[in-house]
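The values are calculated or read from the model by the stated rules, or taken from the named source; none is laboratory data. No experiment lies behind these values; they were computed from the predicted model shown. Every residue, glycine as well, gets a Cβ built from its backbone with ideal geometry; the counts of neighbours run over all protein chains shown. These accessible areas exclude ligands, DNA and RNA; they are computed on the full protein's heavy atoms, side chains included. Shrake-Rupley method; radii C 1.70, N 1.55, O 1.52, S 1.80 Å.
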Amino acid sequence: IAQCLVGSEMCIRDRDMIEALVACGHTVFREKYTDTKEWEEQRNRIDTVLEKEKSEIIFTFNYFPEISEYCMEKDCLYFSWVYDSPYINILSYTAVNPCNRIFLFDYGVYQEMKAGGISTVYYLPLAVNPNRLKKIKNNPNMTRKHTCDVAFVGSMYTEKKHDLYSRFCNMDAFSKGYLDGIMNAQLQIYGQNFLQELLTKDIIDEMQKYYPTDPNARTIATPEYIYTEYVLNRRVTAMERRKVLSRMAIMDTHLYTHEEADPIPGIKMFGPVDYYDEMPYVFKNARINLNITLRSIKTGIPLRAFDIMGNGGFLLTNYQEEFLEYFKPDQDFVYYENIEDAVEKAKYYLQHPGIREKIAERGKKKVYNEHTFEERVKRMILSLIHI
């Protein structure tokens, strides 16, 4: 199958995906796609590739309605692998286009869409590229820089573009107290998100005064969805990440995040790290790597967790249902039940390096054997049976 690969400028997995497609016998022609503002110009370039190479599939990481419409017009297939959550584009009315094969990493989201009658969605967990990871060489400078007891790589969701909750600081006391109360309750619970069902009409009306939602007319997104997924879940995640890391300050802990994030006393703050060139050294050299999942991810395994295990790092994570589908707790990875449990388990595994290293090695072997890009590409192609 000749394929035109259309990748977002911001996508960090294009190189791994291209390598897997080629290894599985497919021909790849790459054309950059950035955003809808430049769509007409980019459309002309994609036209040229499709006509010249007779491509049959367009692939992107994440889903873009305009590309789906384009594929309908050109009578070719559109494969998209969604690795973000929340991702409002999957609620587009174009999701039902028969050209689509929308692969979702979060089984909880997949179930909701299937239950809603969307037949173009498929479940596909994220993956690693063992071929690339095996080629990473030892680097003494990186080892010195990143060796620590505990590390976390990720957003703190206090950055200006993420901190939408601050817009509600002047709302009436009852509504503000209600939102703070349900978020503090959600903070204590893993495996079940109840925020959206607790948003009453009166609370939503009050939120609209301070942050009016304007759902795109091309999606079925509701104000409840937008407030839950883009405001409240981010706020709960910000609260959890700060609480966990603050408690980890009794150990030698590194935080790799955006420069504008607020400092945490006792934590060594670093800026963001390059996905290909530096992040692997963080995961390899931290004795314990934390995964604190964004609360809008319902059941899925975040990319961070696969990357930690794929680089041979020890993974300590919050509970997510799908971990137990693919990995054995305390053998391939370790999960914590609450913040206190996270701290106690971190201390335990720091004191037992032999056990910690065996778990990290088993986790690495599991993802190398079962969770590779090549395996995922083969599963994507199987979806063609359902055309």
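Remarks
- When the chain is treated as a Gaussian network with alpha carbon springs shorter than 10 Å, the biggest mean-square fluctuation among K145, K358, K347 belongs to K145.
- Over the Cα atoms of the stretch 39-128, the radius of gyration divided by the Kirkwood radius equals 0.99; this is the Rg/Rh ratio.
- Radius of gyration and maximum dimension Dmax of the stretch 267-369, Cα, Å: 13.0, 35
- Distance between the modelled labels on R30 and I250, one decimal in nanometres: 4.7 nm (7 Å Cα→Cβ projection).
- Scaling the Cα radius of gyration of the stretch 178-255 by the globular reference 2.2 N^0.38 Å produces a ratio of 1.33.
- Here is the size of the stretch 154-305 from its Cα atoms: Rg then Dmax, 17.0, 50 Å.
- Note on exposure: T147, T317 ranked by accessible area (1.4 Å probe, complete protein assembly) read T147, T317, with the most exposed listed first.
- Of the two radii for the stretch 118-224, the radius of gyration is 1.12 times the Kirkwood radius, both from the alpha carbons; that is the Rg over Rh value.
- On the beta carbon distance between C148 and E51, with R0 = 35 Å, the FRET formula returns roughly 0.10.
- Shape metrics for the stretch 238-316, restricted to C-alpha atoms - Rg then Dmax, Å: 12.5, 32
- Apportionment of accessible area to carbon and sulfur, the stretch 229-387, percent (1.4 Å): 49
- Distance between modelled label sites at Q208 and K358, nm, 7 Å Cα→Cβ extension: 5.9
- As a ratio to 2.2 N^0.38 Å, the alpha-carbon radius of gyration computed for the chain takes the value 1.02.
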